[in-house]
Amino acid sequence: MKDIFIPTKNYKKMQELCDDLLNSAMGVDLGMVTGRAGRGKTRSAHRIFTQDRQTIYILYREGWTLNQLLREIAFHLSGMRPHYRQQCEDVIRTELDAERRMIMVDEADRAPIRVLNGLRNIHDECRIPILLIGEEDLPRKMAAERRLSSRVRAHVQYEPISQADVSVFYVQSLGAEINPEQARKLTRHSGGDFRSVLLDAQKADKLMKINSLKQITDAIVDQICRNGIRR
(Lines give C-alpha, C1' and ligand atoms only; values in the text may rest on other atoms or scores of the structure.)
Protein backbone atom coordinates (compact mmCIF):
# COMPACT_ATOMS: atom_id res chain seq x y z
CA MET A 1 0.00 0.00 0.00
CA LYS A 2 1.38 3.39 -1.01
CA ASP A 3 1.54 6.33 1.37
CA ILE A 4 -0.18 8.90 -0.83
CA PHE A 5 -2.02 12.17 -0.44
CA ILE A 6 -5.19 12.93 -2.37
CA PRO A 7 -6.62 16.46 -2.63
CA THR A 8 -10.05 15.79 -1.15
CA LYS A 9 -12.91 18.28 -1.38
CA ASN A 10 -12.18 19.32 2.20
CA TYR A 11 -8.50 19.87 1.45
CA LYS A 12 -9.29 22.01 -1.58
CA LYS A 13 -11.52 24.27 0.52
CA MET A 14 -8.77 24.61 3.13
CA GLN A 15 -6.19 25.38 0.43
CA GLU A 16 -8.44 28.05 -1.08
CA LEU A 17 -8.85 29.69 2.34
CA CYS A 18 -5.08 29.70 2.90
CA ASP A 19 -4.45 31.22 -0.53
CA ASP A 20 -7.04 33.91 0.14
CA LEU A 21 -5.56 34.78 3.54
CA LEU A 22 -2.01 34.93 2.20
CA ASN A 23 -2.76 36.87 -0.97
CA SER A 24 -4.84 39.69 0.47
CA ALA A 25 -4.26 41.66 3.68
CA MET A 26 -7.57 43.08 4.86
CA GLY A 27 -7.01 43.40 8.60
CA VAL A 28 -9.56 40.62 9.05
CA ASP A 29 -7.16 37.77 8.47
CA LEU A 30 -8.07 35.05 10.95
CA GLY A 31 -9.35 31.81 9.44
CA MET A 32 -10.90 28.76 11.05
CA VAL A 33 -10.93 25.13 9.93
CA THR A 34 -13.01 22.84 12.11
CA GLY A 35 -14.43 19.35 12.13
CA ARG A 36 -14.53 16.26 14.26
CA ALA A 37 -11.40 14.18 14.82
CA GLY A 38 -10.46 11.93 11.92
CA ARG A 39 -11.73 14.11 9.09
CA GLY A 40 -8.21 14.90 7.81
CA LYS A 41 -7.62 18.44 9.07
CA THR A 42 -4.10 17.81 10.38
CA ARG A 43 -3.07 15.84 7.30
CA SER A 44 -4.28 18.71 5.11
CA ALA A 45 -2.42 21.28 7.21
CA HIS A 46 0.81 19.26 6.98
CA ARG A 47 0.43 19.10 3.21
CA ILE A 48 -0.03 22.85 2.89
CA PHE A 49 2.91 23.48 5.23
CA THR A 50 5.26 21.24 3.22
CA GLN A 51 4.15 22.76 -0.09
CA ASP A 52 4.18 26.46 0.85
CA ARG A 53 7.21 28.06 2.53
CA GLN A 54 5.09 31.07 3.50
CA THR A 55 3.37 28.95 6.15
CA ILE A 56 4.47 27.67 9.53
CA TYR A 57 2.70 24.88 11.41
CA ILE A 58 2.36 24.70 15.19
CA LEU A 59 0.64 21.86 17.07
CA TYR A 60 -0.75 23.38 20.25
CA ARG A 61 0.05 21.26 23.30
CA GLU A 62 -2.46 20.84 26.11
CA GLY A 63 -1.64 23.23 28.95
CA TRP A 64 0.73 25.49 27.02
CA THR A 65 0.88 29.06 28.28
CA LEU A 66 0.93 31.99 25.89
CA ASN A 67 4.68 32.32 26.48
CA GLN A 68 5.27 28.70 25.46
CA LEU A 69 3.28 29.16 22.27
CA LEU A 70 5.11 32.40 21.43
CA ARG A 71 8.41 30.59 21.99
CA GLU A 72 7.43 27.91 19.46
CA ILE A 73 6.31 30.48 16.90
CA ALA A 74 9.60 32.35 17.32
CA PHE A 75 11.51 29.09 16.86
CA HIS A 76 9.69 28.15 13.65
CA LEU A 77 10.28 31.63 12.25
CA SER A 78 13.90 32.17 13.30
CA GLY A 79 15.37 29.00 14.79
CA MET A 80 15.58 30.69 18.22
CA ARG A 81 13.54 30.07 21.39
CA PRO A 82 13.91 33.22 23.52
CA HIS A 83 13.15 32.77 27.20
CA TYR A 84 11.20 35.94 27.89
CA ARG A 85 7.89 36.95 26.34
CA GLN A 86 9.09 40.36 25.14
CA GLN A 87 12.06 38.74 23.41
CA CYS A 88 9.73 36.27 21.69
CA GLU A 89 7.46 39.06 20.52
CA ASP A 90 10.43 41.07 19.22
CA VAL A 91 11.72 38.08 17.22
CA ILE A 92 8.26 37.33 15.82
CA ARG A 93 7.73 40.96 14.83
CA THR A 94 11.15 41.22 13.17
CA GLU A 95 10.69 38.01 11.16
CA LEU A 96 7.16 38.85 10.03
CA ASP A 97 8.15 42.39 9.08
CA ALA A 98 10.79 40.88 6.79
CA GLU A 99 8.44 38.36 5.14
CA ARG A 100 4.69 37.87 5.25
CA ARG A 101 3.92 34.39 6.59
CA MET A 102 0.82 32.54 7.72
CA ILE A 103 0.78 30.86 11.13
CA MET A 104 -1.28 27.67 11.35
CA VAL A 105 -2.15 26.54 14.88
CA ASP A 106 -3.55 23.01 15.07
CA GLU A 107 -5.72 21.78 17.97
CA ALA A 108 -6.45 25.42 18.76
CA ASP A 109 -9.70 24.31 20.40
CA ARG A 110 -7.55 23.21 23.37
CA ALA A 111 -6.16 26.71 23.87
CA PRO A 112 -7.71 28.96 26.54
CA ILE A 113 -9.13 32.35 25.58
CA ARG A 114 -6.01 34.13 26.85
CA VAL A 115 -3.85 32.23 24.35
CA LEU A 116 -6.30 32.86 21.50
CA ASN A 117 -6.22 36.56 22.33
CA GLY A 118 -2.42 36.42 22.25
CA LEU A 119 -2.64 35.12 18.68
CA ARG A 120 -5.08 37.92 17.90
CA ASN A 121 -2.46 40.41 19.09
CA ILE A 122 0.08 38.96 16.65
CA HIS A 123 -2.53 39.16 13.89
CA ASP A 124 -3.25 42.82 14.69
CA GLU A 125 0.30 44.04 15.29
CA CYS A 126 2.04 42.16 12.47
CA ARG A 127 -0.88 42.21 10.03
CA ILE A 128 -0.41 38.58 9.08
CA PRO A 129 -2.91 35.74 8.61
CA ILE A 130 -3.46 33.12 11.29
CA LEU A 131 -5.32 29.87 10.64
CA LEU A 132 -6.87 28.19 13.66
CA ILE A 133 -7.56 24.46 13.27
CA GLY A 134 -9.60 22.44 15.72
CA GLU A 135 -12.63 20.38 16.59
CA GLU A 136 -16.23 21.51 16.98
CA ASP A 137 -15.65 23.44 20.23
CA LEU A 138 -13.43 26.07 18.58
CA PRO A 139 -16.22 28.20 17.02
CA ARG A 140 -17.99 28.37 20.39
CA LYS A 141 -14.81 29.63 22.07
CA MET A 142 -14.27 32.24 19.37
CA ALA A 143 -17.88 33.40 19.53
CA ALA A 144 -17.54 34.05 23.27
CA GLU A 145 -15.46 37.16 22.53
CA ARG A 146 -16.47 39.62 19.85
CA ARG A 147 -12.86 40.79 19.47
CA LEU A 148 -12.01 37.28 18.24
CA SER A 149 -15.05 36.34 16.17
CA SER A 150 -15.13 39.70 14.36
CA ARG A 151 -11.66 39.05 12.93
CA VAL A 152 -12.55 35.70 11.33
CA ARG A 153 -12.69 36.16 7.57
CA ALA A 154 -13.90 32.65 6.75
CA HIS A 155 -14.70 29.34 8.41
CA VAL A 156 -14.20 26.01 6.63
CA GLN A 157 -15.99 23.02 8.13
CA TYR A 158 -14.62 19.59 7.30
CA GLU A 159 -17.51 17.50 6.04
CA PRO A 160 -17.68 13.68 5.87
CA ILE A 161 -15.36 12.32 3.19
CA SER A 162 -17.13 11.82 -0.14
CA GLN A 163 -17.63 8.57 -2.01
CA ALA A 164 -15.63 9.99 -4.93
CA ASP A 165 -12.67 10.71 -2.62
CA VAL A 166 -12.81 7.15 -1.26
CA SER A 167 -12.73 5.70 -4.78
CA VAL A 168 -9.73 7.83 -5.76
CA PHE A 169 -7.89 6.91 -2.56
CA TYR A 170 -8.24 3.16 -3.20
CA VAL A 171 -7.03 3.49 -6.79
CA GLN A 172 -3.99 5.58 -5.88
CA SER A 173 -2.98 3.81 -2.65
CA LEU A 174 -3.72 0.20 -3.62
CA GLY A 175 -3.76 0.37 -7.40
CA ALA A 176 -7.18 -1.31 -7.27
CA GLU A 177 -10.42 0.12 -8.55
CA ILE A 178 -13.63 -0.29 -6.59
CA ASN A 179 -17.08 -0.20 -8.13
CA PRO A 180 -19.72 2.34 -7.03
CA GLU A 181 -21.49 -0.10 -4.70
CA GLN A 182 -18.22 -1.06 -3.00
CA ALA A 183 -17.33 2.62 -2.67
CA ARG A 184 -20.74 3.33 -1.14
CA LYS A 185 -20.31 0.57 1.46
CA LEU A 186 -16.75 1.61 2.35
CA THR A 187 -17.72 5.28 2.61
CA ARG A 188 -20.63 4.44 4.89
CA HIS A 189 -18.44 2.15 7.01
CA SER A 190 -15.88 4.93 7.49
CA GLY A 191 -18.44 7.12 9.22
CA GLY A 192 -17.18 9.98 7.07
CA ASP A 193 -13.68 9.98 8.59
CA PHE A 194 -10.58 9.90 6.41
CA ARG A 195 -8.64 8.12 9.16
CA SER A 196 -11.15 5.25 9.02
CA VAL A 197 -10.82 5.08 5.22
CA LEU A 198 -7.06 4.67 5.68
CA LEU A 199 -7.49 1.86 8.23
CA ASP A 200 -9.99 0.05 6.01
CA ALA A 201 -7.66 0.34 3.00
CA GLN A 202 -4.83 -1.19 5.05
CA LYS A 203 -7.10 -4.10 5.92
CA ALA A 204 -8.10 -4.51 2.27
CA ASP A 205 -4.42 -4.56 1.29
CA LYS A 206 -3.70 -7.38 3.77
CA LEU A 207 -6.69 -9.42 2.60
CA MET A 208 -5.67 -9.04 -1.04
CA LYS A 209 -2.15 -10.26 -0.27
CA ILE A 210 -3.35 -13.20 1.85
CA ASN A 211 -5.68 -14.33 -0.95
CA SER A 212 -3.26 -13.48 -3.80
CA LEU A 213 -5.75 -11.06 -5.35
CA LYS A 214 -5.08 -8.00 -7.48
CA GLN A 215 -8.60 -6.59 -7.24
CA ILE A 216 -10.89 -5.82 -4.32
CA THR A 217 -13.78 -8.26 -4.32
CA ASP A 218 -17.24 -7.91 -2.81
CA ALA A 219 -16.21 -10.51 -0.22
CA ILE A 220 -13.30 -8.34 0.93
CA VAL A 221 -15.55 -5.30 1.23
CA ASP A 222 -18.13 -7.30 3.18
CA GLN A 223 -15.43 -8.57 5.55
CA ILE A 224 -14.14 -5.03 6.15
CA CYS A 225 -17.64 -3.71 6.80
CA ARG A 226 -18.73 -6.64 8.94
CA ASN A 227 -18.42 -4.77 12.24
CA GLY A 228 -20.72 -1.93 11.21
CA ILE A 229 -20.05 1.80 10.91
CA ARG A 230 -16.91 3.13 12.61
CA ARG A 231 -17.62 5.68 15.34
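One line per residue, one yes/no per condition, for (1) touching an Asp or Glu at 6+ places or on another chain (Cβ under 9 Å); (2) under 23 Å from GLU16 (Cα atoms); (3) assigned to a helix (DSSP H, G or I):
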residue: VAL156; (1), (2), (3): yes, yes, no
residue: SER173; (1), (2), (3): yes, no, yes
residue: ALA183; (1), (2), (3): no, no, yes
residue: GLY192; (1), (2), (3): yes, yes, no
residue: CYS225; (1), (2), (3): yes, no, yes
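Consider the range 143-163 and keep the residues that are exposed (fewer than 13 other Cβ atoms within 10 Å of the Cβ) and of a type in the set (Gly, Ala, Ser). The one that is farthest from GLY27 (Cα to Cα) is ALA144.
If the requirement is being surrounded by 14 or more Cβ atoms within 10 Å (Cβ to Cβ), more than 21 Å from ALA154 (Cα to Cα) and of a type outside the set (Phe, Trp, Tyr), which of these qualifies: LEU132, LEU66?
The match here is LEU66.
Scanning the range 123-147 for residues that are closer than 23 Å to ASP19 by Cβ and in a helix (DSSP H, G or I) turns up HIS123, ASP124, CYS126, LEU138, PRO139, MET142. Of all the criteria given as (1) modelled with pLDDT of 95 or more; (2) crowded, with 16+ Cβ neighbours inside 10 Å, the one not satisfied by HIS46 is (2). Every test in (1) in contact (Cβ under 8 Å) with a residue 40 or more places away in the chain; (2) within 13 Å of the chain's Cα centre (by Cα); (3) surrounded by fewer than 20 Cβ atoms within 10 Å (Cβ to Cβ); (4) not in a helix (DSSP H, G or I) is passed by ILE4 save one, and that test is (2). Scanning the range 74-103 for residues that are part of a loop (DSSP other than H, G, I, E, B) and either under 23 Å from the mean Cα position of the chain (by Cα) or free of Cβ contacts under 8 Å to residues at least 24 places away in the same chain (or both) gives GLY79, MET80, ARG81, PRO82, HIS83, TYR84, ARG100, ARG101.
Within the range 41-73, the set of residues being in contact with a Leu (Cβ under 9 Å, 6 or more places away or on another chain), within 30 Å of GLY192 (Cβ to Cβ) and assigned to a loop (DSSP other than H, G, I, E, B) comprises ASP52, TYR60, ARG61. The set of residues in the range 204-231 being under 28 Å from the mean Cα position of the chain (by Cα), without any contact (Cβ under 8 Å) to a residue 40 or more places away in the chain and surrounded by 13 or more Cβ atoms within 10 Å (Cβ to Cβ) consists of ALA204, ILE224.
Annotation note: Cβ proximity below 7 Å between a residue of the range 25-51 that is aromatic (Phe, Trp, Tyr) and a residue that is at pLDDT 95 or above and surrounded by fewer than 19 Cβ atoms within 10 Å (Cβ to Cβ) (sequence gap 6+ or interchain) occurs for PHE49/TYR57. Can ASP109 be described as at pLDDT below 95, assigned by TED's automatic domain parsing to the domain that holds TRP64, part of a helix (DSSP H, G or I) and within 19 Å of TYR57 (Cα to Cα)? Judged against the criteria, ASP109 is not a match.
So, in the range 116-151, how many residues would count as being among the aliphatic types (A, V, I, L, M) and under 20 Å from the mean Cα position of the chain (by Cα)? Break it down stepwise before answering.
Looking only at the range 116-151, we keep the residues that are among the aliphatic types (A, V, I, L, M), and these are 116, 119, 122, 128, 130-133, 138, 142-144, 148.
Restricting the remaining residues to those that are under 20 Å from the mean Cα position of the chain (by Cα) gives 116, 119, 128, 130-133, 138, 142.
The qualifying residues number 9.
Can you find a residue that is acidic (Asp, Glu) and more than 21 Å from LYS9 (Cα to Cα) anywhere in the range 198-208? Yes, the range 198-208 has at least one match. The residues of the range 18-73 that are under 13 Å from the mean Cα position of the chain (by Cα), under 23 Å from ARG147 (Cα atoms) and among the hydroxyl-bearing types (Ser, Thr, Tyr), listed by number, are THR34, TYR60.
The values are calculated or read from the model by the stated rules, or taken from the named source; none is laboratory data. The structure presented is a predicted model; accordingly, all values stated were derived computationally and were not measured. Quick reminder, even Gly has a Cβ in these numbers, built from the backbone with ideal geometry, and neighbours come from all protein chains shown.
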